[in-house]
Amino acid sequence: MDLNQLVNGKSGDKEFLLGNEAAVRGAIEAGVSVAATYPGTPSSEIGNILSILAKDAGLFFEFSINEKVAMEVAASSAASGLKSFTFMKHVGLNVASDSFLTAVYTGTPGGMVVLSADDPSMFSSQNEQDNRHYARLANCPVLEPSNPQEVKDMMKYGYELSKEFSIPVILRTTTRISHMRGVVELGDVEIINNKTDDFNNINFAKNVHWEKGFFKKDPKQFVPVPENSMVMHEKLVAKMEDIEELANNSDLNFIFNSFENINSENVKPKSKYGIISSGSAFNYAYDVVVEDNLANLGFNILKLGFTYPFPKDLVLDFIEGLDGIFVVEEVDPIMEKEVLAIIGEVGIDIPVFGKLDGNFPLIHEFNSDIVRDSINKVIDSSFNTINTINTINTINNGNNINNTNKGSNSNNINNNINNSNNSSNDLNINKRLKDIKDNLPSRPPTLCPGCSHRATYFGVRRAAEELNISNENLIFSSDIGCYTLGVSPPYETTDYLLSMGSSIGDACGFSVATNQHIVSFIGDSTFFHGGIPPLINGVHNKHKFVVTILDNRTTAMTGGQPNPGLPVDGMGNQAPEISIEEIAKACGCEFVETINPMNLSKTIDTYKRALEYDGVSVIIAKHPCTLIKGLKRKRPMVIKENKCNNCQNCVTTLACPAISIVDGKVEIDDLLCKGCTVCVQMCDEKAIGVKKDI
Ligand code: SF4
Ligand code: SF4
């Protein structure tokens, strides 16, 4: 077909599309603005086509350096209010999962679809994993199309769902769906706007989806520090309960009544057996039950397209009154376990025939022969004898055994609980713990006195102020480490966070999706862990942001372990010290400067130049963590009372724990002060100096 039809095709046109082509058209119809991937079969054609059509389609597309970075580009774009699309082969989601699982918490207000192309039978993959597990792990919805028309339609619906609930939606295809062709009726293309934004000098000729978004700061939503994550998780669980309601009533889930489609005079009485199926497996079940010589079986098929949250009510309605259920699904017995759980929950006896009882193969792609043979294992060719008696008996016996055991087990458990509750020792411990908890003062986590991150934050804030960059127009993407504490006032230098190394990948997305200034923070150890690929990604794709590598010469947050930037290995032996500067330069960064953040004027000056730099600038803020053993203690500071005007800026803007207000006046605690001199430099009155008599 003419690929341009994917952009230019009108509503109502019919095209003979590959599943992956249909995904592209679905993204275009939905009005996707940003798409990113790392290529992997069976999803590769989507990226290949977008690389040709993106400009005409008016959207931004990049081949990211890996799937995790692609996920971050999409997630931060969606956080900026744009519709974003990331797609990958099944194993790619492993690479992206660190950021993906947290993106489900933080949400995707603009709308985001993650297409996972699974590869049953491993035609071009190293394993056969079933990515429906990821939906259960991450707690997000899954749509499973069975043909190219559904791929396109479910793409569009995925964005509606994602936007409404601010949650990523997995569109799970398999090789057979990605690579099958079928007639697809096109729909309307959603035009987001008609103006171009020349941020990256891309000249869009036609429809323009790529209107820049705006990232609205909301740390409670976008910064998953434990206090926020606990709330996020609660909200997510509630959200998924609402989405389950939708799945129960979704048009994507329907009962296919095979009798209505049989015109034979030999139609037998309606079967008491049903099939539950999804994705490509549905096509085989359909072939067997409706189209071939087993048509007289007249099984009804519950075709699930909206497969997670599992539509329990709908499934229960379907199976009630049946004598048996076949679950036809590829790779893992996921729906089968869901069905068994429902049956167990309501306490009904219906045999379930699937992978777990050996009727269907536990691995590999299905086809019509496999599905037919598997059904025939249960039902004889004349369809009069249902080979289920043993199964039902087994289940009944199992229930009896379970019930018997349940009674004795629960008695034991209750006894244990009672014994435990009756223990006076435990009661005392509980009371003591409660007393301690009630009397503990609230101590929010904070950076240590003398921590160089405080100076860095002060420097970047002052630089932005001097450049007249408002707080709203300055996004701080942060990473996993002590410096995440920058989320708290007065610094407020953590606006978005997903995973180890994500600060730079997220910055790539913000750079594409917004016109705001972006400063990312990443530690030295985290940079080695996951920061190098996204840095290359940023340079190669011509993004624009400032990267701050907070090199405090240790892996501080976890207790001071070494990292490759140090001349020592994990056993204390001498080791080659890897230069962060040289890595940054080798990644293609032309603006790479190392500063001592404790030198405030130099720090401010460097940030000012970096913020004005047109490209990826790297500042390495190098200063050892104050907790490193053997560091020489410096003299503490003292307030010069005759000069201090008690403006208290040192308290409100630095928040060093060594400075406090006592009886209405600022004081520096000798024991806490590390003598870093940052307060000395920031005090306009020159009212802080070295304490001489210690
Ligand atoms: S910033 Fe300087 S002048 Fe203001 S309270 Fe602190 S020490 Fe005093
Ligand atoms: S009181 Fe001043 S010198 Fe002492 S640790 Fe805090 S910022 Fe550094």
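Computed quantities for the displayed model
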| item | result |
| --- | --- |
| Filter result for Glu345 (within 23 Å of Glu128 (Cβ to Cβ) and either at pLDDT 95 or above or out of contact with any helix residue (DSSP H, G or I) (no Cβ under 7 Å at 6 or more places or on another chain) (or both)) | no |
| First in the range 17-39 and over 21 Å from Lys163 (Cα atoms), second anywhere and of a type in the set (Phe, Trp, Tyr) and modelled with pLDDT of 95 or more, Cβ under 9 Å, 6 or more apart | Asn20/Phe87; Tyr38/Phe63; Pro39/Phe63 |
| Number of the condition not met by Met557 [criteria: (1) among the hydrophobic types (A, V, I, L, M, F, W, C); (2) over 21 Å from Tyr496 (Cβ atoms); (3) open to solvent by 60 Å² or more (accessible area, probe 1.4 Å)] | (2) |
| Filter result for the condition that a residue is open to solvent by 10 Å² or more (accessible area, probe 1.4 Å) and either free of Cβ contacts under 8 Å to residues at least 60 places away in the same chain or farther than 16 Å from Ala27 by Cα (or both), over His90, His133 | His133 |
| Index of the failed condition, Ser520 passing every other in (1) closer than 19 Å to Asn94 by Cα; (2) not in a helix (DSSP H, G or I) | (1) |
| Restricting the range 647-665 to residues that are open to solvent by 60 Å² or more (accessible area, probe 1.4 Å) and under 24 Å from Arg461 (Cα atoms), the residue that is farthest from ligand 2 (Cβ to nearest atom) | Cys647 |
| Residue in the range 625-634 that is hydroxyl-bearing (Ser, Thr, Tyr), out of contact with any Asp or Glu (no Cβ under 7 Å at 6 or more places or on another chain) and more than 10 Å from ligand 2 (Cβ to nearest atom) present | no |
| Filter result for Asp313 (more than 18 Å from Asp130 (Cβ to Cβ), assigned to a loop (DSSP other than H, G, I, E, B), modelled with pLDDT of 95 or more and under 35 Å from the mean Cα position of the chain (by Cα)) | no |
| Test: residue in the range 73-84 that is open to solvent by less than 10 Å² (accessible area, probe 1.4 Å), over 14 Å from the mean Cα position of the chain (by Cα) and modelled with pLDDT of 95 or more | yes |
| Filter result for Cys650 (near ligand 1 (Cβ under 10 Å from one of its atoms) and closer than 25 Å to Lys602 by Cα) | yes |
| Residue match in the range 282-302 (condition: open to solvent by 50 Å² or more (accessible area, probe 1.4 Å), at pLDDT 75 or above and not in a helix (DSSP H, G or I)) | no |
| Evaluation of Cys673 against (1) open to solvent by 70 Å² or more (accessible area, probe 1.4 Å); (2) within 9 Å of ligand 2 (Cβ to nearest atom) (one fails), failing number | (1) |
| Qualifying helices (runs of 4 or more DSSP H) (wholly inside the range 1-60; at least 2 residues being buried (at least 24 other Cβ atoms within 10 Å of the Cβ)) | 19-30, 44-57 |
| Qualifying residue in the range 99-106 (condition: small (Gly, Ala, Ser) and outside any helix (DSSP H, G or I)) | no |
| Selected residue (criterion: most open to solvent (accessible area, probe 1.4 Å)) from residues of the range 607-635 that are touching a residue at least 24 places away in the same chain (Cβ under 8 Å) and assigned to a helix (DSSP H, G or I) | Glu612 |
| Long-range neighbours under 8 Å by Cβ, at least six apart or interchain, first residue touching a residue at least 24 places away in the same chain (Cβ under 8 Å) and closer than 17 Å to Leu600 by Cα within the range 656-683, second of a type in the set (Ser, Thr, Tyr) and away from ligand 1 (no atom under 14 Å from the Cβ) | Lys674/Thr626; Cys676/Ser452; Cys676/Thr626; Gln681/Ser601 |
| Residues satisfying the stated conditions in the range 492-514, i.e. part of a loop (DSSP other than H, G, I, E, B) and either open to solvent by less than 10 Å² (accessible area, probe 1.4 Å) or out of contact with any helix residue (DSSP H, G or I) (no Cβ under 6 Å at 6 or more places or on another chain) (or both) | Glu492, Thr493, Thr494, Asp495, Leu497, Leu498, Ser499, Gly501 |
| Test: residue in the range 392-399 that is among the hydrophobic types (A, V, I, L, M, F, W, C), within 30 Å of Ile375 (Cβ to Cβ) and modelled with pLDDT under 50 | yes |
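So that you can scan it fast, the table gives a plain yes or no per residue for (1) farther than 22 Å from Ala285 by Cα; (2) in a helix (DSSP H, G or I); (3) modelled with pLDDT of 95 or more:
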position: Leu137; (1), (2), (3): yes, yes, yes
position: Ser146; (1), (2), (3): no, no, yes
position: Ile167; (1), (2), (3): yes, no, yes
position: Ser178; (1), (2), (3): no, yes, yes
position: Gly182; (1), (2), (3): no, no, yes
position: Gly187; (1), (2), (3): yes, no, yes
position: Ile191; (1), (2), (3): yes, no, no
position: Asn201; (1), (2), (3): yes, no, no
position: Ala205; (1), (2), (3): yes, no, no
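The values are calculated or read from the model by the stated rules, or taken from the named source; none is laboratory data. None of these values were measured; they are calculated from a predicted model. Don't worry about glycine lacking a Cβ; one is built from the backbone with ideal geometry, like all the others, and counts go over all protein chains shown. Please note that ligands, DNA and RNA were not included when accessible areas were found on the heavy atoms of the full protein model with its side chains. Shrake-Rupley method; radii C 1.70, N 1.55, O 1.52, S 1.80 Å.
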